[in-house]
Amino acid sequence: MRFGDDKFRRDAFGIAVVGEELYVSDCTAWSLHVFSLAGEHLRELFGDWREPDHLLHVDGRLYLSEQDDEHDDEVIDDDWSQARREAGRRILVLTPKGQTLQVWKTPGMSVVRGVGIFRNELIVATRRNVNVTRGHLSPALQPSAKY
């Protein structure tokens, strides 16, 4: 089955199934599209993220990482530039309605390359290493803000 072509500016990125809904990250529009499993577009979510990439659903929470913007040479010091410098270096923990519950930053300049779940452990792969913990993000990923 194929659907959603008219909802994305360019490409769909990460996907996650939450109950009877499919969440798809739209990097270009900085949003998450939510579809029924039959392909009906239900809503579009916007939040504290930029360029959403990987998505994972675990126990009622969405874990979202952003695309890394390695080639951004912009030196202007404003809110947008700060967000671009953090792109790919944080994981946002969201409710299925898109509310941000917590933001985790990777240590140093490590960039998130993927997230997964295995035997009730959240696995975060970064450019430099892999962090594994039970039920929580790795202690190496310190929270930058709690909501």
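Taken across segment 112-131, residues that are closer than 23 Å to Leu32 by Cα, part of a loop (DSSP other than H, G, I, E, B) and open to solvent by less than 10 Å² (accessible area, probe 1.4 Å) do not occur at all. For segment 36-71, the candidate set comprises residues that are within 19 Å of Phe118 (Cβ to Cβ) and open to solvent by 70 Å² or more (accessible area, probe 1.4 Å); within that set, the residue that is nearest to the chain's Cα centre (by Cα) is Arg61. Scanning segment 4-26 for residues that are at pLDDT below 95, of a type in the set (Asp, Glu) and either in a helix (DSSP H, G or I) or surrounded by 15 or more Cβ atoms within 10 Å (Cβ to Cβ) (or both) yields Asp5, Asp6, Asp26.
Being modelled with pLDDT of 60 or more and of a type in the set (A, V, I, L, M, F, W, C) is a description that applies to Val112.
The values are calculated or read from the model by the stated rules, or taken from the named source; none is laboratory data. Not measured: the values here are computed from a predicted model. Note: ideal-geometry Cβ built from the backbone for every residue, glycine included; neighbour counts use all protein chains shown. Keep in mind that these areas ignore ligands, DNA and RNA; they rest on the heavy atoms of the full protein, side chains included. Shrake-Rupley method; radii C 1.70, N 1.55, O 1.52, S 1.80 Å.
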